[in-house]
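Only one structure is covered here, and it is reproduced in the block below.
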């Protein structure tokens, strides 16, 4: 981290951001990887697959920490998707390239183009996407769009601080824990203390390189098991 500068009053101030210009909103175009395609959600096109995928985990536990409960029928789910099409939040469907099915969603949200801050949220992976290469690649593609394509300076992840799987996922992907905002909101009739995580543009090059090394075919054995973890790859890159 660069040391603060001092102004004419000898007060410490933040470093100058040279030639800063506000960022653009994310475009409504697909992000394509080797295992998945991440595209703006189209309720008519994606709702059936996503609803069916969530029904495999029909007890609704995957919705515990989301803003809605599990949907009772595909039509109510489709109507909810219509409210999430952007520009903020801009929900995306994650398409498994092998099956061609929509198997999860994630949104760009709380988009601050003036200051270059964007959050990824409303993440809901069906069982078909959880703990897969495609699931990790989807997060990489969305980060890459924010940092490399659009020039955002800060990429955020927020979750209920009781949501241990989400906290673990944030750490795995390279987000840095910052703080917990106590009594940040009320949802589903209960308190939410919110854990805040972020990746900055200064951290992104190592985070990106670790994703790319992890996603490389040689990082997986014949059974599809990873050779090196994402965390170990990032640590190795940071140490060198």
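The values are calculated or read from the model by the stated rules, or taken from the named source; none is laboratory data. Remember, it's a predicted structure, so these values are computed and weren't measured experimentally. Methodologically, a virtual Cβ is constructed for each residue, glycine included, from the backbone with ideal geometry; neighbour enumeration extends over all protein chains shown.
Brief remarks follow.
- Identification of strands (runs of 3 or more DSSP E) wholly contained in the range 106-213 with 2 or more residues that are more than 26 Å from residue 235 (Cα to Cα) yields 117-125, 176-187, 190-200.
- Failed item, numbered, when residue 33 is tested on (1) within 23 Å of residue 155 (Cα to Cα); (2) surrounded by fewer than 14 Cβ atoms within 10 Å (Cβ to Cβ); (3) at pLDDT 95 or above: (2)
- Subset of the range 214-227 that is outside any helix (DSSP H, G or I) and surrounded by 14 or more Cβ atoms within 10 Å (Cβ to Cβ) - its residue that is nearest to the chain's Cα centre (by Cα): 226
- Residue match in the range 36-49 (condition: in a loop (DSSP other than H, G, I, E, B) and modelled with pLDDT of 95 or more): yes
- Being under 16 Å from residue 168 (Cα atoms) and in contact with a strand residue (DSSP E or B) (Cβ under 8 Å, 6 or more places away or on another chain) is not true of residue 200.
- Residue 170 meets the conditions (1) within 19 Å of residue 40 (Cα to Cα); (2) free of Cβ contacts under 8 Å to residues at least 40 places away in the same chain; (3) under 15 Å from the mean Cα position of the chain (by Cα) in every case but one. The failed one is (1).
- Screening 96, 160, 112, 73 for residues that are farther than 28 Å from residue 217 by Cα, touching a residue at least 60 places away in the same chain (Cβ under 8 Å) and either surrounded by fewer than 18 Cβ atoms within 10 Å (Cβ to Cβ) or touching a helix residue (DSSP H, G or I) at 6+ places or on another chain (Cβ under 8 Å) (or both) leaves exactly one candidate, 160.
- Some residue of the range 175-193 being touching a helix residue (DSSP H, G or I) at 6+ places or on another chain (Cβ under 7 Å), under 29 Å from residue 26 (Cα atoms) and surrounded by 19 or more Cβ atoms within 10 Å (Cβ to Cβ): no
- Of note, residue 68 satisfies the criterion of being part of a loop (DSSP other than H, G, I, E, B) and either surrounded by 12 or more Cβ atoms within 10 Å (Cβ to Cβ) or modelled with pLDDT of 95 or more (or both).
- Selection within the range 13-55: residues that are touching a strand residue (DSSP E or B) at 6+ places or on another chain (Cβ under 6 Å) and free of Cβ contacts under 8 Å to residues at least 40 places away in the same chain. The member of this set that is farthest from residue 109 (Cα to Cα) is 13.
- Residue in the range 78-99 that is at positive phi and in contact with a strand residue (DSSP E or B) (Cβ under 9 Å, 6 or more places away or on another chain) present: yes
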